[in-house]
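Undergrad: Below is a structure I'd like to ask you about.
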Amino acid sequence: MKTKYEDIINLPHHVSKTRPQMPISDRAAQFAPFAALTGYDAAIKETGRLTDDKIELEESSLNELNAKIQLLREKLADAPEVTFTYFRPDDRKDGGAYLTITGTVKKLDDYERQIVLQDGTKVPIDDILDISGDIFAVIE
C-alpha cells in the first residue's frame, strides 16, 4: 500500500542553479520578533521610572542651612570636608532624585549660586537639603 507523498519523500532537496543559497544568519533574521511600535517599550519604562518631588524647606531649616553655609565660607581656607544632600532635577520628567556626596569644599560661587568641591563637582546652593560634617559640631 502506497502512502501519500511516498513518491517524493526521498528526493534530494532542490538547489537553485541561478540564485545563491541564503546564509543561515540571514535566514534566522526572517523569523526574528517584530516590534510594530518602535520605541514603545522604552516609553513604558520611562513612564514607570520613579522620581522624587523636591522638598520645600521651612524657614527654620533654611536659617540653619544658611548658618552652615556662612560657617563654610569662614572655614574655606581650612578646606573642610562636608557631606551634602541635595536635589538633582530629572532631565526627562517632573521631579528628580536626592543625592548625597561627600567632599572637600574648594570654593563658594555666589554668582552661580553653587558650591564647588575639589573634584570639580558642583552642588547648587538652592537645591541643598542638608549639610553635615565635623565643622558643624558647634551648630548642631
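Undergrad: Out of (1) within 30 Å of Asp134 (Cβ to Cβ); (2) under 22 Å from the mean Cα position of the chain (by Cα), the odd one out for Arg73 is which?
TA: All conditions are met except number (2).
Undergrad: Is it fair to say Leu37 is without any contact (Cβ under 8 Å) to a residue 24 or more places away in the chain and part of a loop (DSSP other than H, G, I, E, B)?
TA: Considered against the rule, which asks whether it is without any contact (Cβ under 8 Å) to a residue 24 or more places away in the chain and part of a loop (DSSP other than H, G, I, E, B), Leu37 comes out as yes.
Undergrad: Answer yes or no as to whether Lys75 is basic (Lys, Arg) and in contact (Cβ under 8 Å) with a residue 40 or more places away in the chain.
TA: yes
Undergrad: Restricting to segment 57-92, and then to whatever is more than 13 Å from Ile115 (Cα to Cα) and basic (Lys, Arg), can you tell me which residue is surrounded by the fewest Cβ atoms within 10 Å (Cβ to Cβ)?
TA: Arg92
Undergrad: Note down all Cβ pairs under 9 Å where the first residue falls in segment 99-120 and is without any contact (Cβ under 8 Å) to a residue 60 or more places away in the chain, the second is among the basic types (Lys, Arg) and not in a strand (DSSP E or B), and they're at least six residues apart or on different chains.
TA: Here the result reads Val105/Lys75; Leu108/Arg73, each pair linking segment 99-120 to a residue that is among the basic types (Lys, Arg) and not in a strand (DSSP E or B).
Undergrad: Of the residues Lys54, Lys17, which single one is at pLDDT 85 or above, surrounded by 10 or more Cβ atoms within 10 Å (Cβ to Cβ), of a type in the set (Lys, Arg) and part of a loop (DSSP other than H, G, I, E, B)?
TA: None of the other options fit; the residue is Lys54.
Undergrad: Counting residues that are touching a Pro at 6+ places or on another chain (Cβ under 8 Å), which strands (runs of 3 or more DSSP E) fully inside segment 92-140 reach at least 3?
TA: Strands (runs of 3 or more DSSP E) meeting the threshold: 96-109.
Undergrad: To continue, here is another question. With respect to Gly95, determine if the residue is in contact with a Leu (Cβ under 6 Å, 6 or more places away or on another chain), among the small types (Gly, Ala, Ser) and surrounded by 11 or more Cβ atoms within 10 Å (Cβ to Cβ).
TA: No: the conditions fail for Gly95.
The values are calculated or read from the model by the stated rules, or taken from the named source; none is laboratory data. Here the structure is a predicted model, which means the values were calculated and not measured. Neighbour counts run over all protein chains shown; Cβ positions are idealised from the backbone, glycine included.
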